[in-house]
Structures are given as C-alpha cells and as structure tokens.
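Here is the structure we will look at, set down as structure tokens.
The values are calculated or read from the model by the stated rules, or taken from the named source; none is laboratory data. Note that the structure is a prediction, hence the values are computed from the model and not measured. Here the Cβ is made from the backbone with ideal geometry for all residues, glycine too, and neighbour counts use every protein chain on show. When the accessible area is computed, the model is the full protein with side chains, heavy atoms only, and any ligands, DNA or RNA have been set aside. Shrake-Rupley method; radii C 1.70, N 1.55, O 1.52, S 1.80 Å.
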Amino acid sequence: MCISYTAQVKVAISKSARDKMRQKREHSLKELVDVKDPGRRERLSHTDPGPVARESWRSRPDCLENVDSRPPALKRTSSLKKSSAQRSPYRDRSSVSRSSDIDPSVPRELTRPDLSITEVFKLLSDDDWEKKIEGLNLARSLCVFHSDVVLEKLHELKIAVTQEVKNLRSSVSRAAIGCLGDMFTHLKKNMDHELDNCVRALLHKAGESNIFIREDVDKALDVMVQNVTPVRALAALINGGLSHLNTAVKKCTALHMSDLVERMGPGWILSGIKDITDRSLPAIAKFAQDGSQETRFFGRKMLHYLMSHPEFDKMLEKYIPTKDLPYIRDVVKQIQVKGVGEIHETPSARGRRSYHGSVGSLRASSVSQNTHNTLDRYVATSLHRNNAAVIRYST
C-alpha cells in the first residue's frame, strides 16, 4: 500500500521498518529476475501485481520506500548550510582581498589628481578619524607623484595637515606627521614659507610620552633639515624650540640644530650674516648651559664643531651676551682638554624613560618608596614612645 506525501514532508522510520522494506525489495527483485518471459511477466502482473507494482512504486518520489529515513532536522540543517554557503557574500571575499591586497598607507599614482586634491580637503574636514587617515594617505600620494597639483593648494593643505598633527588620536597624528615628512621630501624648498607653523607643531609633539610619535617627529624633522633652505630651517627651529619649557622639546631642537649646523658648516654659521650668526651663536650658548645634560651635550657638540674656524673667538665676544661669555669660555676650554664627552643618563631622564616605558614600574617604585618612608616613621615613633615609657617607669 502506497501512501502519498508532498515532496516537502519528511518522515522518520524505525530501523525494523527499514529492514522489512529492504527484504521485500530484495524479494521482488528476485521474482523479476526469474520472470524472463514477457508474456508470463504480464500475466503475473494481472494475478500478482506485487513485483511490477513495487517496481513502479520505487520510481515514484512520493512512495514510502523512497522517503528519506534520516531525521528531518539534520537534513534541513545540512541543506541550510549548503544554501547559505552558496548565497554568502563572504565565500569569495578572502580570495578577492588577497588578489587586490593594497596597503592604503603606501603612496600610489592617481588617475585623476585634480579631483583627488578636492577629495583630500573633504576627507580631512570629516569628523570620522578613519576618513581623516584616508585623506592624509591620499595627500601623501599627491605629494609623491603629483607635486604640481599640491603646489596650487600648498598653503591650504599645510594648514589642514598641521591641524591634524595636533589630533589627540595617535593614529591620525602619526599619519599627519608622515604626510609632513613627505611634503618636506618632495616639495623641498617650496615648503620654506610654511616652515614656522609646521616645525612648531612637530616640536610640540616631541614632548609627548608616545615613543612612536617621538620617532616619527625625529624622522620628519630630519628630512626637513636635509631638504629645505638651511636658513629657514634654522629660524624655524630656534623660534619653535629654544625657549620651550619642555625638556624633551628643547633636546629635540638642539639635536636637529646640531645636524643643521654641520650641514651649513662653520664658515656659514660664523660669517656674520644677519639672522644666521646673530641668532645661532646665542642659541648654541643657551643650549650649552641648559639644565638637561642631553641638551647641554648637543650645545657642546656645536661649539666643538665651530672651534676650528679662525674667527671663532672673535665671534663669541661679538654675539654672546656678556653675562654668558665667561661660562662659554670655560666650556670651550674643557672641550679642548676633555672633548665633548658622552650623553649620560640624568636622574630626571631615567625617571622620564621609566614613565614612558612602564607606568606600572613607576607606580611600583613610588609605592615601595612610600612604604619605606611609612615604616621609618613607624619605627621612629615606636622608639620615641618606648623611651618615654622607660623614663616614666624609672622615675
């Protein structure tokens, strides 16, 4: 007896029922093999319709023998997995991303640079920090491959990028610092009129605790010293960092000014030209007297480099303030005898490095110090009380 089902209905059958159905199927197949005469097979179908009927039943999809005996939940789950795998948009996404894996931070040549410069300002004005990074990366590509387009909007771009250098999100700030480095590298002397604000913003970031930002600032200032007009770079460094209150900023200024003095040479520094000798020598003297040992080192290094010039003593008397001249002469004599020396870690520098490297170590050291102080006070108080008690007892 055949029971009709729709194609969507799935019926679970017990193991014993499946065994009986299998036995009947094997029996009917045996009977069909024995019936070789077509006429006899046709007569047998009239008298015993079982074998022929059962053969036709097996060809029908709605027959009970063709019903899947697996649990419907399992079959449905597997079918859902298969269909979801066919429809899922993530199936081929990995292969597509691998085939077009392009680092957006790497500068690349653009097809429409005239439209890209407009897109840069649009992205930088967005409040989304990811859009800002996208705009800065696009600006770097323009500086590297399409500098002629950048020159038309250089002042506006400088203002926008310098503003992002001050961004509180470190990823945006680092991208902006890298963008300024590319501008110094590829636009070279075209950046002369834009130096003051750029260098001031970079030096301000040199005082932050993030070591990666400080390294990026050093790289950007280094390419600035190597590519722009030296006189402009000298003025920008002195204006931005000589009188700064942050020790790290002054050390960074002295370091890059030392590189710039070596690039310019003693003849240029001590030439007596306005805005060169009259600004550089007092700045060098101030660095040589600074409270930070690292900053003093770079000041002494610049003095040592200029000592070979025949007009060195004369220029010192002319441009160094009278109150500072005796000390600078003593420093010069020490350099002639002992040399410049090396950078030694001062207690304050070690403290700053421990703070930058590990906040936990600084807290642990402060806690242990406080603990020792507390114990000392406790012991002193206990001894004082015991002595007072002994005195009262004896009297």
How far apart, in nm, are the 7 Å Cα→Cβ label points at residue 148 and residue 336?
5.8 nm
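Grab the Cα-Cα distance for residue 155 and residue 188, subtract it from 0.36 nm times how many residues apart they are, and report the gain in nm with one decimal. Spell out each step's value before the answer.
Values: separation 33, 0.36 × 33 = 11.88 nm, distance 1.43 nm.
That works out to 10.5 nm of additional length.
Ordering 229, 322 by accessible area with a probe of 1.4 Å, largest first, what comes out? Mind showing how you got there, number by number?
On the way: 229 35, 322 120 Å².
Reading off the accessible areas and sorting them downward yields 322, 229.
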Stretched out fully, how many nm does the piece from residue 278 to residue 317 gain, at 0.36 nm a residue minus the Cα gap?
12.9 nm
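For segment 252-348, build the convex hull from the C-alpha positions and give me its volume per residue in Å³.
Details: hull volume 9.2 nm³, N = 97.
Roughly 95 Å³ of hull volume per residue.
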So, R0 is 22 Å and r is the distance between the beta-carbons of residue 129 and residue 218; what FRET efficiency does that work out to, to 0.05?
0.35
For residue 262 the rounded accessible area (nearest 10 Å², probe 1.4 Å, non-protein molecules ignored) is 80 Å²
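What is the calculated FRET efficiency for residue 263 to residue 119, with r their C-beta to C-beta distance and R₀ = 35 Å, to the nearest 0.05?
0.40
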When the accessible area of segment 187-233 is computed with all protein chains present and a 1.4 Å probe, what percentage of it is carbon and sulfur?
46 percent
7 Å from Cα along Cα→Cβ at both residue 21 and residue 163: what's the point-to-point distance in nm?
7.5 nm
So what's the Cα pair-distance distribution over segment 97-222, bin width 5 Å, in %?
2, 11, 23, 24, 21, 12, 5, 2, 0
Considering only protein heavy atoms, what is the solvent-accessible area of residue 295 at a probe of 1.4 Å, reported in Å² to the nearest 10?
0 Å²
The ³J(HN,Hα) series, computed from each phi in segment 181-197 with the Karplus coefficients 6.51, -1.76 and 1.60 at θ = phi - 60°, rounded to the nearest Hz and given as x for glycine or proline, is x, 5, 5, 5, 5, 9, 9, 6, 5, 5, 8, 4, 7, 10, 6, 3, 5
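At 1.4 Å probe size, with every protein chain present, just tell me what the per residue accessible area of segment 136-193 comes to in Å². Working shown, then result.
Values: 2500 Å² over 58 residues.
Per-residue accessible area for segment 136-193 comes out at 43 Å².
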